[in-house]
Amino acid sequence: MLTSQLINLSTSNYPQLKITFLGSGTSSGVPMIACDCAVCSSSDKKDKRLRSSIMVESATTRIVVDTTPDFRYQMLREKVKSLHAILFTHPHKDHIAGLDDVRAFNYFGEQAMQLYANQMTIDALMREFAYAFADKKYPGVPNLELNSIDLSPFSIGDIPIIPIQVWHLKMPVYGFRFGNFTYITDANRIEESEKEKIRGSKILVLNALRKEKHISHYTLDEAIELVLELNVPQAYFTHISHQLGKHEDIEKRLPQGIHLAYDGLKIEV
Ligand SMILES: [Zn+2]
Ligand SMILES: [Zn+2]
């Protein structure tokens, strides 16, 4: 009784969030260049997947998770005029490559873009975008401010964030819990102590690459099993490969409360 009152109290303190799937595809995107398979040739819009990223918005704060190679188009498609911050999950190219295009937000917002990442990802950003961190910068390079995070909870504006460490083969990747919503991309294993941070979420996003086993990503069955284990009532799968199958066919076979994400999907929590 007391526990449920406490939970209700704490959850009601979270700001209302709108989540937009900017992209839901694996590193090559769907369709994949030069592929003629049934999924890559599909005319269904839900089979067109840009690289995986989400936008998280409260009434006053707007955050994007990862800057994919499709970041520019994702911002144009969603008509985004300003961003308060960018969070990074890990330094793989499909999650950072679009960072240079924050220049537009630097220009119109007249300030540095706030980036939040763990030290491993910060080191990679400084390497991959060295020109933006040089002592003598060429005019017009992205204006970036690095904020190093660890697993301690923090906030951006009114949005509370709890980092969750998950494993992507041997690479530690950050998932993020925003109030009642948890986003995890690029994982194939989560330690029990980190799973505790996910429990109680109302919505969980997980990567589900394909049906066949993969060394660094959950399969469809593994992702379903984890959602059921964590007892989260609603889940969406992302970071999807053309090898998974057509959206329409897979969606029909998922258990209740579990869906495939698709580009442009918006959910509220
Ligand atoms: Zn990825
Ligand atoms: Zn990755």
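The values are calculated or read from the model by the stated rules, or taken from the named source; none is laboratory data. Please read these numbers as outputs of a predicted model, since none were measured by experiment. Quick reminder, even Gly has a Cβ in these numbers, built from the backbone with ideal geometry, and neighbours come from all protein chains shown. Just so you know, the surface numbers come from the protein's heavy atoms only, side chains and all, with ligands and any DNA or RNA stripped out. Shrake-Rupley method; radii C 1.70, N 1.55, O 1.52, S 1.80 Å.
Could you order the peptides 32-38, 22-28 from most to least packed, using the average number of other C-beta atoms within 10 Å per residue?
Details: 32-38: 10.9, 22-28: 24.9.
Going from most to least packed, we get 22-28, 32-38.
Restricting to DSSP H runs of at least four residues, report the calculated mean residue ellipticity at 222 nm for the chain, -39500 (n - 2.57) per run over all residues, nearest 500 deg cm²/dmol. Present the calculation step by step, with values, prior to reporting the outcome.
Details: 9 runs with 67 residues, N = 269.
Calculated from helices alone, the mean residue ellipticity at 222 nm is -6500 deg cm²/dmol.
Determine the shape class of the chain: with a ≥ b ≥ c the square roots of the Cα gyration tensor eigenvalues, call it rounded for a/c under 1.5, and otherwise prolate if a/b is greater than b/c, oblate otherwise.
Numbers: a/c = 1.59, a/b = 1.13, b/c = 1.40.
It comes out oblate by the Cα gyration axes.
Sequence gap at least 6, Cα distance under 8 Å: using those rules, report the relative contact order of segment 170-235 to the nearest whole percent. Numbers along the way, then the final one.
On the way: 95 pairs, mean separation 20.0, N = 66.
Relative contact order, segment 170-235: 30 percent.
Rounded to the nearest 20 debye, what is the charge dipole size of segment 19-100 about its Cα centre when +1 sits on each Lys and Arg Cβ and -1 on each Asp and Glu Cβ?
Details: 11 positive and 9 negative charges, 46 e Å.
About 220 debye.
What is the sum of charges, Lys and Arg at +1 and Asp and Glu at -1, for the other residues whose Cβ falls under 12 Å from the Cβ of residue 174?
Working: positive: 177, 197; negative: 66, 150, 186, 194.
In short, -2.
For the chain, what does the accessible surface come to per residue with a 1.4 Å probe? Please give it in Å².
Working: 12890 Å² over 269 residues.
I get 48 Å² per residue for the chain.
For segment 130-188, what does the alpha-carbon gyration tensor say about shape, rounded, prolate or oblate, given a ≥ b ≥ c as the root eigenvalues, a/c under 1.5 as rounded, and a/b over b/c as prolate? Spell out each step's value before the answer.
Details: a/c = 2.99, a/b = 1.65, b/c = 1.81.
Oblate, because a/c is 1.5 or more while a/b does not exceed b/c.
Could you work out what % of the accessible surface of the chain is carbon and sulfur, using a 1.4 angstrom probe and leaving DNA, RNA and ligands out of the count? Don't jump to the answer; show the numbers that get you there.
On the way: 6790 of 12890 Å².
Accessible surface attributable to carbon and sulfur in the chain totals 53 percent.
About the Cα centre of segment 142-269, how large is the charge dipole given +1 on each Lys and Arg Cβ and -1 on each Asp and Glu Cβ? Please answer in debye to the nearest 20. If you can, show how the numbers build up before the last one.
On the way: 14 positive and 18 negative charges, 45 e Å.
I would put it at about 220 debye.
Could you please report the charge total around residue 263, scoring K, R as +1 and D, E as -1 over all other residues with beta-carbon less than 12 angstrom from its beta-carbon? Spell out each step's value before the answer.
On the way: positive: 45, 46, 48, 49, 51, 77, 266; negative: 44, 47, 70, 78.
Charge balance in the 12 Å sphere: +3.
How about segment 90-180: which trypsin sites (Lys or Arg not before Pro) there are in a DSSP loop, with at most 15 other Cβ atoms within 10 Å of their Cβ? If you can, show how the numbers build up before the last one.
On the way: sites: 93, 103, 127, 136, 137, 170, 177; in loops: 136, 137, 170.
Qualifying residues, ordered by number: 136, 137, 170.
So what J values fall out for segment 172-177 if you push phi through Karplus, 6.51 cos²θ - 1.76 cosθ + 1.60 with θ = phi - 60°, rounded to Hz, Gly and Pro as x?
x, 10, 8, x, 9, 9
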